[in-house]
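To start, the structure under review is shown below, and the notes come after it.
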Amino acid sequence: MMKVLLFAIFFAQKAFSQDTWDWLRIDCGSDTSYKDANGDTWNSDDDYVKTGDNKQVAPSSSSEVEQLNTLRVFSEQNKNCYTLPTPSSTRYLVRAMFWYGNYDGLSKPSTFDLEFDGNKWATVVTNMNNFTYYEMIYATRGDSISICLARTQDQQFPFISRLESIPLPDEMYPQMRRDMAWFNSYRYDYGANDTILGYPADPYNRIWEPSIPPGLRPVTANFTSIDVTSVNDPPDSAIITAVEAQSSTDTIDLSFGFGNVSHLDHVEMYFTEPFLQTGETRSFSVIVNNSYVNTTNPEYQNCVSIGANSLSFGTLNVQLVPNQRVHAATDNKCRRSLHLNGLGEFVDNFEHLKGWSGEPCLPNDTIWQWLKCSTDDQPPRVTAICLSGYGLQGYLPDFSQMDALEVIDMHNNTLDGEIPDFLGKLPNLRILDLRDNDFSGYVPRTITDNKQLEFK
């Protein structure tokens, strides 16, 4: 199997603060917007999604995390989408959290799909005991990101507890190609016992989970802050803890499972020398999936990062191999916080109906229930709009660019104004049903004179 490798070391002066004014944080299911104990704003759903119902978790399932005690539930349409504005052309960290909390009293947590801009992100499997979250880093292509929740099983209604979008500096994660999205699979604070790190310890609100792998022992540096750090700016508190091997000849082996599929992974590793010892050095090589990446000699109170891309099947393996010239007194191989992201390609945007967000024809197993899409075109195109009895009001928008349409059925609504003449000019349209609406004026001749069109 071909392997794609990239290694580099990046240094930058430590950033001492991070503005949060351009963060978007939604407390899904909250009736109002508010400021939390840190003074940060949490928004209600209303400006970002037009469907769904606000619910609260059962009192016995209440969480210490305030935003997990409410949720937005979608029980009507098969797919419902949030539209998150992205005013700057940059990469965003997007995180979605889910806590069932037995809100419906049925003790039946649901399973459903999570999508972004028409792409499958994840299958969300919720449970009775813990919250679930998914995170990605995504380079936007427009002025918004569409985050959709799609029902995939009967009577298992999608819901969401918390949704966040945070812009990242351009210099962060320099190995990331802008035509890829990074799905976070693991981000560990090695050597930490039980504390999950997030904001404000991490200025970019990344979540670091504590981990001490079997056979390794935790260590804590004899300093409390980093002088020089990686361009990715990991939190100091994640760097000053570590795990190490039992002896100077031991290799540290770490494995990360992804299921039995081929995938392109990016792994980011952070190292520092935790103890200042005169005349002694620490040196080891980094191996990813049996391919050499780099050799590092960590420096005291400085954080260095090593990144690599690798094609994997099922499991990604990382090894830290001691070099023979290491002084005998430095018989510990220091392993720092490992930040691992899966990468997945994404595709272009497609047609939208005005007032609806999300990609209508993708993924093809969760197409909007009121649409039909072609199967021969790449990308697929909308061929039928079936919105009879959907309570539509107002004027018909201009969707003349949707020239693959064959059927438009919008009868039994309260649409008004004049019937647009572009409808009769759609080259492939065969059926147009506008009965039982409140249109005024004459039917355009482009419709009445169109011999291939059945007009109702």
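The values are calculated or read from the model by the stated rules, or taken from the named source; none is laboratory data. If you're wondering where the values come from, they're calculated on a predicted model, not measured in any experiment. Positions of Cβ are generated from backbone atoms using ideal geometry, with glycine treated the same way; all protein chains shown enter the neighbour counts. Heavy atoms of the whole protein, side chains included, go into the accessibility calculation; ligands, DNA and RNA do not. Shrake-Rupley method; radii C 1.70, N 1.55, O 1.52, S 1.80 Å.
Being without any contact (Cβ under 8 Å) to a residue 40 or more places away in the chain and of a type in the set (A, V, I, L, M), is that true of even one residue in the stretch 74-87? Checked the stretch 74-87: no residue is without any contact (Cβ under 8 Å) to a residue 40 or more places away in the chain and of a type in the set (A, V, I, L, M). Please indicate, with yes or no, whether at least one residue in the stretch 328-337 is at pLDDT below 65, in a strand (DSSP E or B) and touching a Pro at 6+ places or on another chain (Cβ under 7 Å). Checking the stretch 328-337: at least one residue is at pLDDT below 65, in a strand (DSSP E or B) and touching a Pro at 6+ places or on another chain (Cβ under 7 Å). Scan the stretch 175-216 residue by residue and report those that are of a type in the set (Ser, Thr, Tyr), closer than 18 Å to ALA242 by Cβ and either open to solvent by 40 Å² or more (accessible area, probe 1.4 Å) or at pLDDT below 85 (or both). Scanning the stretch 175-216 gives TYR186, TYR188, THR195. Residues in the stretch 210-231 that are in a strand (DSSP E or B) and touching a Pro at 6+ places or on another chain (Cβ under 8 Å): VAL219, THR220. The residue that is surrounded by the most Cβ atoms within 10 Å (Cβ to Cβ), among those in the stretch 80-114 that are farther than 16 Å from ASP53 by Cβ, of a type in the set (D, E, K, R) and in contact with a strand residue (DSSP E or B) (Cβ under 8 Å, 6 or more places away or on another chain), is ARG91. Each residue in the stretch 118-130 was checked for being open to solvent by 10 Å² or more (accessible area, probe 1.4 Å) and within 12 Å of ILE145 (Cα to Cα), and 1 pass. Filter the stretch 412-448 down to residues that are outside any helix (DSSP H, G or I) and of a type in the set (Ser, Thr, Tyr) and give me whichever is most open to solvent (accessible area, probe 1.4 Å). Checked the stretch 412-448; the qualifying residue most open to solvent (accessible area, probe 1.4 Å) is TYR442. Here PRO234 fits the description: in a loop (DSSP other than H, G, I, E, B) and open to solvent by less than 20 Å² (accessible area, probe 1.4 Å).
Evaluate the following for LEU316: is it open to solvent by less than 30 Å² (accessible area, probe 1.4 Å), out of contact with any helix residue (DSSP H, G or I) (no Cβ under 7 Å at 6 or more places or on another chain), in a strand (DSSP E or B) and modelled with pLDDT under 80? It is false that LEU316 is open to solvent by less than 30 Å² (accessible area, probe 1.4 Å), out of contact with any helix residue (DSSP H, G or I) (no Cβ under 7 Å at 6 or more places or on another chain), in a strand (DSSP E or B) and modelled with pLDDT under 80. Here the stretch 79-113 is the region considered, the condition is being assigned to a loop (DSSP other than H, G, I, E, B) and of a type in the set (D, E, K, R), and the residue that is farthest from TYR134 (Cα to Cα) is ASP104.
Looking across THR51, THR20, THR86, THR70, one residue alone is modelled with pLDDT of 95 or more and touching an Asp or Glu at 6+ places or on another chain (Cβ under 9 Å). It is THR70.
So which residues in the stretch 197-212 are in contact (Cβ under 8 Å) with a residue 40 or more places away in the chain and of a type in the set (A, V, I, L, M), if there are any at all? Selection gives LEU197, ILE207.
One residue stands out among those in the stretch 68-78 that are open to solvent by less than 10 Å² (accessible area, probe 1.4 Å) and not in a strand (DSSP E or B): the one that is nearest to TYR134 (Cα to Cα), which is LEU68. Within the stretch 388-408, residues that are in a loop (DSSP other than H, G, I, E, B) and modelled with pLDDT of 80 or more reach partners that are open to solvent by 50 Å² or more (accessible area, probe 1.4 Å) and among the aliphatic types (A, V, I, L, M) with beta carbons closer than 9 Å, at six or more positions or on different chains, in the pairs GLU406/ILE431.
Pairing each residue of the stretch 431-456 that is among the hydrophobic types (A, V, I, L, M, F, W, C) with any residue that is part of a helix (DSSP H, G or I), provided the two are 6+ apart or on different chains, yields C-beta distances under 7 Å for LEU432/LEU423; LEU432/ILE447; ILE447/LEU423; ILE447/GLY424; LEU453/GLY424; LEU453/ILE447; PHE455/ILE447.
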